[in-house]
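Reading through the C-alpha cells given below for one structure.
The values are calculated or read from the model by the stated rules, or taken from the named source; none is laboratory data. All of these numbers come straight from a predicted model, not from anything done at the bench. Reconstructed Cβ throughout: ideal geometry from the backbone, glycine too, with neighbour counts over all protein chains shown.
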C-alpha cells in the first residue's frame, strides 16, 4: 500500500481494508528447534516505564520465552533506539520486538536489526519514513479525544494527573492507575519529534493490537497505521494501557508472532 500524508492516512480509516482477527491463538510453549524465535524484547512508551510490562513478562516467561524489558529513557528517539538495540544484542537468539505507544516508533527504527524477525505493535504508533509522533498527531480527525498533556516544562511533557486514569488507563484498577499517574516518566519533546528513517515494518512481518477503548491514540488511527504496515490485526477491548489491563491478550499475540515466524523459518 502506498504511503499517504499522515493527516490523510489517519483520517481515512474507512477507505482501508484491514484484516481483523477476532482473537489470537491460545498460549503455547515457546517454539524450539532450528529457526525457533523465543526471545522477546519489550519497549515501553511515553509517560511510563518498563514495569507496566510485568503481566506480559510473567506469561511469556512461564511459557518458556526469554524476555528483556527495555528501560528506554524517552528523552530522544536516537537514545531510545540505542537502548533497544543493546537489548536486542544481548538476546541469545532471534527476536520478536514489541512496542507500546511511542515504543512503536522505537521498534520501527530499531527493528531493522538483523536479529529482529517480527514486530508487535500494542496500541502503538507505526510511522512511515520521515514521520514522528509529532507529525502523526498534528492533525487529529474531528471528534478525536484530546490527551490531557500539560504544557512542556524544560523540554518535557507530563499528563494531568487528575485526568490520567480516564485518558490513559480507563480499565485499570483506580489505585494502580493513580500510582501510574504519580510515577510518570517525563516524555521529552525531542523524542516526539524523532523521525523514522527506514521503517522496519517494510521488511519485517508485523502484528498489531488495536485497543478499542483507547483515548490517547484513537482506534481509527491505530487501524490506519496497522493497515498501512500490512500488519496482522487483532482488536481487543481496552484502554491505552491495554498491556497492563489485559496482559494475556498482549502476550498471546506476541506468542502468535513468535510461532508464526518460527514456522516460516523451518
Taking segment 238-266 and the residues there that are in contact with a strand residue (DSSP E or B) (Cβ under 8 Å, 6 or more places away or on another chain) and not in a helix (DSSP H, G or I), the one that is surrounded by the most Cβ atoms within 10 Å (Cβ to Cβ) would be 240
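Residue-wise test of (1) in contact with a helix residue (DSSP H, G or I) (Cβ under 9 Å, 6 or more places away or on another chain); (2) more than 20 Å from residue 167 (Cβ to Cβ); (3) without any contact (Cβ under 8 Å) to a residue 60 or more places away in the chain.
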{"position": "84", "(1), (2), (3)": "yes, yes, yes"}
{"position": "93", "(1), (2), (3)": "no, yes, yes"}
{"position": "100", "(1), (2), (3)": "yes, no, no"}
{"position": "108", "(1), (2), (3)": "yes, yes, no"}
{"position": "111", "(1), (2), (3)": "yes, yes, no"}
{"position": "123", "(1), (2), (3)": "yes, no, no"}
{"position": "127", "(1), (2), (3)": "yes, yes, no"}
{"position": "139", "(1), (2), (3)": "yes, no, no"}
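The rows are residues; the columns are (1) surrounded by 24 or more Cβ atoms within 10 Å (Cβ to Cβ); (2) closer than 22 Å to residue 241 by Cβ; (3) at pLDDT below 95.
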| residue | (1), (2), (3) |
| --- | --- |
| 73 | no, yes, no |
| 85 | no, no, no |
| 96 | yes, yes, no |
| 113 | no, no, no |
| 122 | yes, yes, no |
| 135 | no, no, no |
| 154 | no, no, no |
Does segment 213-227 include one or more residues that are out of contact with any helix residue (DSSP H, G or I) (no Cβ under 6 Å at 6 or more places or on another chain), within 19 Å of residue 129 (Cβ to Cβ) and surrounded by fewer than 23 Cβ atoms within 10 Å (Cβ to Cβ)? yes
Name the residues in segment 223-237 that are assigned to a helix (DSSP H, G or I) and over 14 Å from the mean Cα position of the chain (by Cα), would you? 224, 227, 228
With the checklist (1) surrounded by fewer than 18 Cβ atoms within 10 Å (Cβ to Cβ); (2) at pLDDT 95 or above in hand, flag the one item residue 65 doesn't pass. (1)
